[in-house]
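The values are calculated or read from the model by the stated rules, or taken from the named source; none is laboratory data. From a predicted model like this one, the values you see are computed outputs, not experimental measurements. As a convention, Cβ positions derive from the backbone with ideal geometry for all residues, glycine included, and neighbour counts pool all protein chains shown.
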Amino acid sequence: MNRMTLLASACLVFLWGWQSTQAQPAQAQPAQAQPAQAQPAPVAPTPAAPDTYKPTVGQMGKDVVWVPTHQALVDRMLDMAKVTPQDYLVDLGSGDGRTVITAAKRGVRAHGIEYNPDLVAVSRRAAQAEGVAERATFAQADIFQSDFSDATVVTLFLLHTLNERLRPTLLAMRPGTRVVSNTFTMGDWEADQQYEHKGECSSFCRAYLWIIPADAAGEWRLGEDRLVLRQTYQMLSGTLTRDGQELPITEAKMDGNRIAFTAGNRRYTGELAEGRITGRTEDGAEWSATRAPG
Ligand SMILES: C[S@@+](CC[C@H](N)C(=O)[O-])C[C@H]1O[C@@H](n2cnc3c(N)ncnc32)[C@H](O)[C@@H]1O
């Protein structure tokens, strides 16, 4: 085993070890893993590092250690999110800034939130060196104390437990916002897409994408017909009462503001905006629905 493999393995064990401590009951958790409101006042960050500072893989972060995402996976995560120059990307726990800088090189305005001031300094220097400092910005801050609600793309490489802590905040973001995580999932919120990078990436090579769904749950009127939707994250179930006949809906899902479901062998697609759904069935007929009063 060469030194690089040894180092990578040590980091892997370290990060997963850290993850397993997070799953312990609250009283057994290390101080770093306590929920924000239970934490002692944050320790004042150390001054930014000199120009020669080099981060070490596996070094302690606030809630999770620093391990960089493999560049090939960074590229793929941005592809999965379909980033465009119209997007505003925020990387939560931005490390050495690679995701933010890669996005900025694609013309995207991007921002990293990183607790470690040394990593923030490294990131700013790298953004400068790559000529994207105007589009790639960094803040030294705690992600759990930061407002990133205006992002249209959020990237993460944290832990399952931290993702789950962020989940309510993410679900409250604008429908259509894309969330992409390296390796760690979101509990029972199933990903819309996943990808595993094979080849040059040897650890932490899986990416998950979620698209924040609009809230479609409730009762809708389609003229004389009635659509009842139950919603768990992006997944829908329910019934369509058409011409007096109650049909179960299947293959039903939200994709941001877009809705799609099948009822009685007919596929419905549409878009939800301002309390109204408008769309077409697969045979081209227009349909629309409004929320039932009350
Ligand atoms: C696994 S690294 C990922 C770095 C980068 N996003 C990437 O994919 O290359 C996690 C980063 O989160 C930072 N971090 C940990 N807890 C944090 C917190 N509460 N607020 C801000 N940054 C945090 C760590 O310092 C570390 O740089």
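Quick notes on this structure:
- Total residues in the stretch 71-95, condition in contact with a strand residue (DSSP E or B) (Cβ under 8 Å, 6 or more places away or on another chain) and within 9 Å of the ligand (Cβ to nearest atom): 7
- Scoring SER202 on the criteria (1) more than 16 Å from the ligand (Cβ to nearest atom); (2) part of a loop (DSSP other than H, G, I, E, B); (3) farther than 26 Å from ASP147 by Cα leaves a single failure, condition (1).
- Restricting the stretch 128-146 to residues that are near the ligand (Cβ under 10 Å from one of its atoms) and farther than 20 Å from TYR53 by Cβ, the residue that is surrounded by the fewest Cβ atoms within 10 Å (Cβ to Cβ): GLN145
- Positions within the stretch 147-168 being closer than 24 Å to PRO85 by Cα and within 15 Å of the ligand (Cβ to nearest atom), in sequence order: ASP147, PHE148, ALA151, VAL153, VAL154, THR155, LEU156, PHE157
- Members of the stretch 147-163 found to be of a type outside the set (S, T, N, Q) and crowded, with 17+ Cβ neighbours inside 10 Å, listed by number: PHE148, ALA151, VAL153, VAL154, LEU156, PHE157, LEU158, LEU159, LEU162
- Qualifying residue in the stretch 54-70 (condition: more than 10 Å from the ligand (Cβ to nearest atom), at pLDDT 95 or above, part of a loop (DSSP other than H, G, I, E, B) and more than 20 Å from HIS160 (Cα to Cα)): yes
- Among the residues of this structure, ARG98 counts as one that is among the basic types (Lys, Arg), within 8 Å of the ligand (Cβ to nearest atom) and surrounded by fewer than 24 Cβ atoms within 10 Å (Cβ to Cβ).
- For the stretch 169-177, the count of residues that are assigned to a loop (DSSP other than H, G, I, E, B), within 16 Å of the ligand (Cβ to nearest atom) and modelled with pLDDT of 95 or more is zero.
- Tabulated pairs, the stretch 62-73, first more than 11 Å from HIS197 (Cα to Cα), second of a type in the set (Asp, Glu) and more than 6 Å from the ligand (Cβ to nearest atom), C-beta under 7 angstrom, 6+ apart or interchain: PRO68/ASP96
- If you check ARG280, ARG206 for being touching an Asp or Glu at 6+ places or on another chain (Cβ under 9 Å), at negative phi and either in the same structural domain as LEU73 (by TED's automatic domain parsing) or surrounded by 17 or more Cβ atoms within 10 Å (Cβ to Cβ) (or both), only one passes: ARG206.
- Within the stretch 178-194, being surrounded by 17 or more Cβ atoms within 10 Å (Cβ to Cβ) and either outside any loop (DSSP other than H, G, I, E, B) or of a type in the set (Phe, Trp, Tyr) (or both) holds for ARG178, VAL179, VAL180, SER181, ASN182, PHE184, TRP189.
- Selected residue (only one of GLY244, GLY264 is surrounded by fewer than 17 Cβ atoms within 10 Å (Cβ to Cβ) and in contact (Cβ under 8 Å) with a residue 24 or more places away in the chain): GLY264
- Flag if ARG125 is more than 13 Å from the ligand (Cβ to nearest atom), buried (at least 18 other Cβ atoms within 10 Å of the Cβ), modelled with pLDDT of 95 or more and not acidic (Asp, Glu): no
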